[in-house]
Amino acid sequence: MKVTLLGTGSPLPSPDCAGPSTMVQSGATSILVDAGRGVVMRLAGAHMVPALLSGVLLTHLHSDHISDLNDVVTSHWVMHPTSTPLAIFGPRGTRQVVDGLMAMLAPDIGYRLAHHEDLTNPPLPVVTEVEPGDTFALGEVSITVHATDHRPVEPTVGYRMDDGAAVVALAGDGVPCASLDELVADATVYVQTVIREDLVSLVPNERFIDILDYHSTVGQAADTAERGGVTCLMLTHFVPGLTEENEGEWRDQASAFTGQLILGPDLTSFDTEA
């Protein structure tokens, strides 16, 4: 499987980092996990278009993880030669979000249906709200849903993907917990959003410091990966932003992990078969 960090940013606007989003590919199957700002542009940078996605998985409904879901839905619709459903999986509340998204897009949908004779149907997002323990498949990839801990954001989930040759565990936002350990156990690749506690705590802003209690630190992600026997740890959602100058500091804080550590800018990827 190939894992591409499409967007490594956070709610903080950045000219260099798109919002949180990751793509997992196996054979002809391409799965988008989360849809932060700029995701369709980053898909293009990864030589992928929304019309070719097998499905979209949402870890939770924080705005930075879903802000460009509307672009994914619209682009999938207008770029596809036929009326084709787009499978969207996410925790409870996802249907409400997509219903609101479709209401927001209603004027645009009407314009395009009126203009293009070959467009005969509106977008067809098909929402499945998932719970921990659920299993389903997209193409050749089997997916298991696990609970994560991002309280007070509830519910939040992570996804364990298995194509028979490799296992990719995507945790989304959250702190270490027993169900996260189950999610990542013996995974080939574990993708975790992280923050730098040492730097965030220096900012004299209570709202910013609040993020410390519901995101994994770099050290916590390293501990989780090491405890779970993970082969490769990929870090993303960097707060504050990752730069060439400070990359060494991020790596130092992940020193507890003895496997392969990958961090980098948008479009950094890892292929389990390479």
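Once you have the alpha carbon radius of gyration of region 30-70, what is it after dividing by 2.2 N^0.38 Å, with N set to its residue count? List each step's numbers first, then the result.
Values: Rg = 9.7 Å, N = 41, 2.2 N^0.38 = 9.0 Å.
Ratio of Cα Rg to 2.2 N^0.38 Å: 1.07.
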Among [x] 60, 38, 27; [y] 46, 42, 39; [z] 58, 45, 33, only one was calculated for this model; which label is it, if the read-out is Cα extents along the principal axes in Å? [z]
At 20 Å minimum axial length over the Cα atoms and a Kyte-Doolittle cut of -1.0, report the qualifying DSSP H helices in the chain, or say none. 94-115
Here D for region 100-242, in µm²/s, from Stokes-Einstein with a Kirkwood Rh over Cα pairs at 10 °C and 1.306 mPa s, works out to 91 µm²/s
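Laboratory data are not the source of any read-out in this text; all were calculated from the coordinates shown. Keep in mind the model is a prediction, meaning the values are calculated, not measured.
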